Amino acid sequence: RAKDEGGNRYRFFTEEMNREVRQRVELEAMLRNAEQRNELELWYQPQVALSTGQVVGVEALLRWHHPDRGWISPGEFIPVAEESGLIGAIGEWVIGRACDQAAEWRGRGVLQVPVAINLSAAQLRGTGLPAVIQRALGRRSLPAEALQLEMTESLFFEDDVNVRTAIAELQSRGLQLAVDDFGTGYSNLGYLKRLPLAKIKIDQSFIHGVPEEPEDCVITRAIIHMAQGLGLRAIAEGVERPEQLELLRQLGCDEVQGYLFSPPAPAAALEARLAEGGDWGGMPAAGRGAAG
Ligand code: C2E
Ligand code: MG
Ligand code: MG
Ligand code: MG
């Protein structure tokens, strides 16, 4: 009997695995055509300076709308893009699109702040990313400050020589680097002193428990102090409630980003919100004119 159950369990697992593999293959095939079919979009979320309430940066977040399946989240398709190698082409599209938007906003005097894009390890492992970024900026006569690059901490202590070379090259070309999801990777903090980074993004999982959970407050405070002691800016991700903002203000956090200010939104919606003017710091503006 035990043997039978084992057999059934085995069959169950293989069926489950087959289904997962099939879904992955299907998603990959859909993703392969997504760019040519104009199914990809960049949405933008403001980063606000706590002391002034000014928008000091905008993060570009990739959105995929499939005609039959609707919106597919980056959490689902980015890993597939990374494993299939499609991230190279998609990443180039993101760089080009972000630069187009930055050039457009600068040209019309809407926003002069950096547009931050997210980079995966797979993009840096492939050769040529610094050149791709340089060309994208050059073609639109943009300065290096027009873009900011967000990477998770594991990328900063990769053994891969291509990754190390790419990071050094990007920095020497004047691109600002930000550490994304700080505090969630298994990290050897040595890279913080080796590399001239611009900012540290405190992971949302810590901000989530602020100010109710003492541990989250202690960790958040420690990250802010460490960042500032190293001459970097600290930004809190996932700020949703005024209580969180209040504590971050007390802790002297430099910047904030989250639904409290605005969810990621299409460029036009963000622009409409900017045109309304008013204060971003402390004043919940979420939802106003922004979809997401
Ligand atoms: P991330 O870079 O850490 O982005 C932050 C995520 O938190 C985004 O999810 C954003 O929509 C969400 N978020 C922002 N404010 C709040 C808030 O107040 N509360 C909550 N609960 N969430 C908030 P999204 O857009 O689903 O992106 C997920 C991840 O996918 C990103 O995490 C990033 O790692 C990756 N990703 C997105 N776009 C790109 C891209 O163009 N290239 C690459 N390589 N990865 C990307
Ligand atoms: Mg990010
Ligand atoms: Mg993050
Ligand atoms: Mg993330």
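Mind listing whichever residues of the range 27-50 are of a type outside the set (D, E, K, R) and out of contact with any helix residue (DSSP H, G or I) (no Cβ under 9 Å at 6 or more places or on another chain)? Break it down into steps so the answer makes sense when it comes.
Let us first name the residues in the range 27-50 that are of a type outside the set (D, E, K, R), namely 27, 29-31, 33-34, 36, 38, 40, 42-50.
Hits for the range 27-50 are A29, N33, Q36, N38, Q47, V48, A49.
Does T184 meet the test of being of a type in the set (S, T, N, Q), surrounded by 14 or more Cβ atoms within 10 Å (Cβ to Cβ), in contact (Cβ under 8 Å) with a residue 12 or more places away in the chain and farther than 25 Å from G53 by Cβ?
Details: of a type in the set (S, T, N, Q): yes; surrounded by 14 or more Cβ atoms within 10 Å (Cβ to Cβ): yes; in contact (Cβ under 8 Å) with a residue 12 or more places away in the chain: yes; farther than 25 Å from G53 by Cβ: yes.
Yes, satisfied.
Selection of first residues in the range 80-92 that are within 15 Å of ligand 2 (Cβ to nearest atom) and of second residues that are of a type in the set (V, I, T), restricted to Cβ pairs under 6 Å at least 6 apart or on distinct chains, gives an empty result.
With respect to R125, is the statement that it is away from ligand 2 (no atom under 16 Å from the Cβ), charged (D, E, K, R) and modelled with pLDDT of 95 or more true?
Details: away from ligand 2 (no atom under 16 Å from the Cβ): yes; charged (D, E, K, R): yes; modelled with pLDDT of 95 or more: no.
Here the answer is no, as R125 does not meet what is asked.
Quick check on T184: is it farther than 16 Å from Q250 by Cβ and away from ligand 1 (no atom under 16 Å from the Cβ)? So T184 does not fit the description; no.
Yes or no: the range 132-146 includes at least one residue that is in contact (Cβ under 8 Å) with a residue 12 or more places away in the chain, closer than 23 Å to L192 by Cβ and not aliphatic (A, V, I, L, M). Yes, that holds for at least one residue. For the range 190-198, the count of residues that are more than 28 Å from L170 (Cα to Cα) and either of a type outside the set (D, E, K, R) or away from ligand 3 (no atom under 15 Å from the Cβ) (or both) is zero. The one condition from (1) surrounded by 20 or more Cβ atoms within 10 Å (Cβ to Cβ); (2) at pLDDT 95 or above; (3) away from ligand 2 (no atom under 16 Å from the Cβ) that E145 does not meet is (1). Surrounded by fewer than 19 Cβ atoms within 10 Å (Cβ to Cβ) and within 15 Å of ligand 3 (Cβ to nearest atom) - does that describe any residue in the range 209-229? Checked against the condition, which is being surrounded by fewer than 19 Cβ atoms within 10 Å (Cβ to Cβ) and within 15 Å of ligand 3 (Cβ to nearest atom), the range 209-229 yields no hits at all. Taking the criterion of being surrounded by fewer than 21 Cβ atoms within 10 Å (Cβ to Cβ), more than 16 Å from ligand 4 (Cβ to nearest atom), outside any loop (DSSP other than H, G, I, E, B) and of a type in the set (V, I, T), would at least one residue in the range 128-141 satisfy it? Yes - at least one qualifying residue is present in the range 128-141.
Quick check, is Q112 buried (at least 18 other Cβ atoms within 10 Å of the Cβ), of a type outside the set (A, V, I, L, M) and closer than 18 Å to Q47 by Cα? Working first, answer last.
Values: buried (at least 18 other Cβ atoms within 10 Å of the Cβ): no; of a type outside the set (A, V, I, L, M): yes; closer than 18 Å to Q47 by Cα: yes.
No; evaluated as a whole, the condition is false for this residue.
Summed over the range 138-189, the residues that are more than 16 Å from ligand 3 (Cβ to nearest atom) and among the hydrophobic types (A, V, I, L, M, F, W, C) give a count of 13.
The values are calculated or read from the model by the stated rules, or taken from the named source; none is laboratory data. Predicted model, so just to flag it, every value in this text is computed and none were measured. Backbone-built Cβ (ideal geometry, glycine too); neighbour counts: all protein chains shown.
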